[in-house]
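A.B. asks: Right, I'll just put the structure down here and ask away after.
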Amino acid sequence: MTERELFYRHLGLPSFYPMGLEIDKAEGIFMYASSGERYIDLVSGIAVSNTGHRHPKVLEAIRNQLDKYLHLNVYGEFIQSPQVRLAEYLTALLPEKLDSVYYVNSGSEAIEGALKLAKRYTGRTEIISFIDSYHGSTHGSLSILGNETLKNAFRPLLPDVRLVEFNNYCHLEKISKRTACVVIEMVQAEAGIIPVEEYFIHQLKKRCARDGVRAGLVSCSVLSIMISFLISLCWQKRWEPGCRWEHLLRQK
Ligand SMILES: Cc1ncc(COP(=O)(O)O)c(C=O)c1O
């Protein structure tokens, strides 16, 4: 079988209409197909490779680590330099109170962790999320996703999830003392790249503070680290309407 045949025969494909490019190599912003064509990679592994493919510094770090060890027990038993140095780097970017990092493998798992943490910490069960949002494909993250069609085959999902309208100020009234957390994207992607209104986030922050809903950080990529960073800044009373992003990033 050719690799193309193997691809269609043996891979569980999440896409209905795969592009089916056979990629031999990627370098910088380009991907090179075995047919000899060169493509600009505008997706960059959904931002995982956003330093460019095969960036020399990334390759050097991987090679250095390969020479030491690969996988060890990651359940908090051993002090491992890459883990603790990354935690140091991330927490230095964040507000003071967000000083602890829990590593997971995907955005869905980050959402799972956040939901569990919020429920455990608050003792509440209600989770609020937004119509047309996307949060991943595990059972928990799927439960709070804002597209009913994608959920239909998997019911029953998590109970006590409430979907409200994005940028609809009246719907903020649905946040209450029963609410464990509100999960929001700063830019809804599945819905067609819709940014949240700055004033909406401001009002959301106020509503949450009134009912004791606290800030958290859920990160599945550099982009979502930034998104979550901004959310947490809101809760930390550092982001007011009209405040510029560059200014926020300079704050500690
Ligand atoms: C906002 C958001 N949350 C969660 C996820 C799920 O991430 P993953 O596919 O790594 O599980 C995505 C993925 O695109 C996302 O865009």
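The values are calculated or read from the model by the stated rules, or taken from the named source; none is laboratory data. Just so we're clear, the structure is a prediction, and the values are computed from it rather than from any experiment. Don't worry about glycine lacking a Cβ; one is built from the backbone with ideal geometry, like all the others, and counts go over all protein chains shown.
A.B. asks: So which residues in the range 61-115 are within 16 Å of the ligand (Cβ to nearest atom), of a type outside the set (D, E) and surrounded by 12 or more Cβ atoms within 10 Å (Cβ to Cβ), if there are any at all? Steps first, please.
C.D. replies: Taking the range 61-115 as the starting set, the residues that turn out to be within 16 Å of the ligand (Cβ to nearest atom) are 102-115.
Adding the requirement that they be of a type outside the set (D, E) leaves 102-108, 110-111, 113-115.
Scanning the range 61-115 gives Y102, Y103, V104, S106, G107, S108, A110, I111, G113, A114, L115.
A.B. asks: Next question. Of all residues being part of a helix (DSSP H, G or I), in contact (Cβ under 8 Å) with a residue 40 or more places away in the chain and not basic (K, R) in the range 116-161, which is surrounded by the fewest Cβ atoms within 10 Å (Cβ to Cβ)? Just the residue, please.
C.D. replies: Looking at residues that are part of a helix (DSSP H, G or I), in contact (Cβ under 8 Å) with a residue 40 or more places away in the chain and not basic (K, R), I get Y121.
A.B. asks: Quick one: in the range 162-185, of everything that is touching a residue at least 60 places away in the same chain (Cβ under 8 Å) and closer than 11 Å to D211 by Cα, which residue is surrounded by the most Cβ atoms within 10 Å (Cβ to Cβ)?
C.D. replies: Among those that are touching a residue at least 60 places away in the same chain (Cβ under 8 Å) and closer than 11 Å to D211 by Cα, it is C181.
A.B. asks: If I filter the range 150-161 for residues that are within 13 Å of the ligand (Cβ to nearest atom) and not β-branched (V, I, T), do I get at least one hit?
C.D. replies: yes
A.B. asks: Would you confirm whether any residue within the range 40-52 is surrounded by 10 or more Cβ atoms within 10 Å (Cβ to Cβ), in contact with a His (Cβ under 8 Å, 6 or more places away or on another chain) and modelled with pLDDT of 90 or more?
C.D. replies: yes
A.B. asks: State which residue pairs qualify: first residue closer than 15 Å to S44 by Cα and in the same structural domain as G45 (by TED's automatic domain parsing) and inside the range 14-28, second residue surrounded by 10 or more Cβ atoms within 10 Å (Cβ to Cβ) and hydroxyl-bearing (S, T, Y) in any location, beta carbons under 6 Å apart, and separation of 6 or more residues or different chains.
C.D. replies: Note: pairs meeting the criteria are K25/Y32.
A.B. asks: Oh, and also: Just to be sure, is E60 over 24 Å from the mean Cα position of the chain (by Cα) and not hydrophobic (A, V, I, L, M, F, W, C)?
C.D. replies: Working: over 24 Å from the mean Cα position of the chain (by Cα): yes; not hydrophobic (A, V, I, L, M, F, W, C): yes.
Yes: the conditions hold for E60.
A.B. asks: Related question: Can you tell me how many residues in the range 14-58 are under 30 Å from L150 (Cα atoms), among the aliphatic types (A, V, I, L, M) and part of a loop (DSSP other than H, G, I, E, B)?
C.D. replies: 5
Conditions (1) at pLDDT 90 or above; (2) assigned to a loop (DSSP other than H, G, I, E, B); (3) aliphatic (A, V, I, L, M), marked per residue:
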{"site": "M1", "(1), (2), (3)": "yes, yes, yes"}
{"site": "G12", "(1), (2), (3)": "yes, yes, no"}
{"site": "N64", "(1), (2), (3)": "yes, no, no"}
{"site": "L70", "(1), (2), (3)": "yes, yes, yes"}
{"site": "P82", "(1), (2), (3)": "yes, no, no"}
